[in-house]
């Protein structure tokens, strides 16, 4: 069991393809691990009967020499704001506890078409509006490396599930950082795609202008494989771009010699916990040793970034929830209700100013990306917080809100609409994972995978897994 659960998605897919193991055996191992970690509140729904039936069907096809695709027979989990036909989708809320969708979300349908075995729905911050996955309705989800700490959010359950071997890949959604943050603090790899690269059809929204769906896996290669299944135009989601998808694994092993990596002057080297800063600097040195060129860049208006992100992230969810907020406010968790009510207090002028800033900042990021091939920062300036801890002292004597601290770096991609990959780059003194964000130009996800894979192939951090305890 430990050998199977320690494999990557691509490794287990190959074992199933060659009939070294069956999909049913693998699925049963994942179901057993879900049971072993049930005290961590990682899943809202587990599909034991359905997933075993899917696995047996995949095994019959394998015996007949038929493969449905690169995920054939591989157990995958979905964040519980992604619709699946006939199966409850709650978005981590009490309000939607009886919600049974009539059709699959596009991303769920594409995973099924590629042969994935959907094993369950993961816990999340209620309606994806928050960064801790401390869910009052389905239990506080625990970090994979330390049960006393949260797994970040809002896709915290997906992050813990992948890290602990409950599945080989999972989908999260990312608005302000909700794929990248749980990936970083759980020691896995996850990507926020370009706006318009992956369909949001059938996904319960948070903030329409920034919502994305992204894969979360153990390795860059696994993410690239899943990304290839998910990417592409969807006629049911008019916001998806008419830009051809590609084989995101084709250039994984080309290395980073002469690739220019930008660090943000007076920003990305400051305001980090000492261990995060140490891991970040060591990662930059590793890239230099691989032949990359590290170059300082400027984003002149970056100091306004978090204010703009928080306004957009507050107003748009409040618009989505306005009717329910008026009629059933008592059914929301207190933290989410307060955030939704606060979003109603911003003026139209403030929202339009935030959107105006977004246009300016997007242009600044694009100007910087003419000088470099990608921008690299820590994914967040600190490691996993204790469950119930909502403030952090990064700089001595300066207490700040964990939500805004979370988005110091992730908001760069969220506000500009660019793709960003988070990879593990080390551990702090307490054994908690540290992540690095690699951000690039729109629809250049293949380059981000190439950069991230070069680092992972030369280091061992992505191969380390938490011990149950």
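What follows is calculated from the coordinates using simple rules that are stated; it is not laboratory data. Treat the numbers as computed from the prediction; the structure is a model and nothing was measured. Don't worry about glycine lacking a Cβ; one is built from the backbone with ideal geometry, like all the others, and counts go over all protein chains shown.
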Distance between segment 266-291 and segment 333-365 - C-alpha centres, whole angstrom: 31
Pairwise FRET efficiency - residue 326 versus residue 457, Cβ, R0 = 41 Å, nearest 0.05: 0.20
Ordering of 338-345, 198-205, 445-452 by packing [mean C-beta count within 10 Å, highest first]: 445-452, 198-205, 338-345
Part-to-part distance (alpha-carbon centres) for segment 21-47 and segment 407-428, which is given in Å: 29
Space enclosed by the convex hull of the alpha-carbon atoms of segment 322-469, per residue, Å³: 191
Length released on extending from residue 370 to residue 85, taking residue separation times 0.36 nm less the Cα-Cα span: 98.2 nm
Most to least packed among 230-238, 5-13 [average Cβ atoms within 10 Å]: 5-13, 230-238
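Relative to the compact-globule scaling 2.2 N^0.38 Å, provide the ratio for the alpha-carbon radius of gyration of segment 158-226.
Rg over 2.2 N^0.38 Å, computed on Cα atoms: 1.03.
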For segment 342-390, convex hull volume per residue from C-alpha positions, Å³: 107
Antiparallel bridges, percent of DSSP beta bridges restricted to segment 2-177 (to nearest 5): 45
Stretch gain in nm, segment residue 63-residue 286, where the contour uses 0.36 nm per residue and the Cα spacing is subtracted: 75.8 nm
Separation of the residue 239 and residue 352 label points, Cα + 7 Å toward Cβ, nm: 2.2
Label point distance in nm, residue 298-residue 38, each placed 7 Å from Cα along Cα→Cβ: 5.9
Highest to lowest packing among 252-265, 161-174, scored as the average C-beta count within 10 Å: 161-174, 252-265
Beta bridges by DSSP in the chain, antiparallel share as percent, to the nearest 5: 70
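Expressed in nm to one decimal, what extension gain is obtained for the pair residue 398 and residue 429 from 0.36 nm per residue of sequence separation less their Cα-Cα distance?
My answer for the length gained is 9.0 nm.
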Cα gyration tensor shape of the chain, rounded if a/c is under 1.5, else prolate or oblate by comparing a/b with b/c: rounded
Coordinate range along principal axes, alpha carbons of segment 2-177, Å, largest first: 46, 37, 27
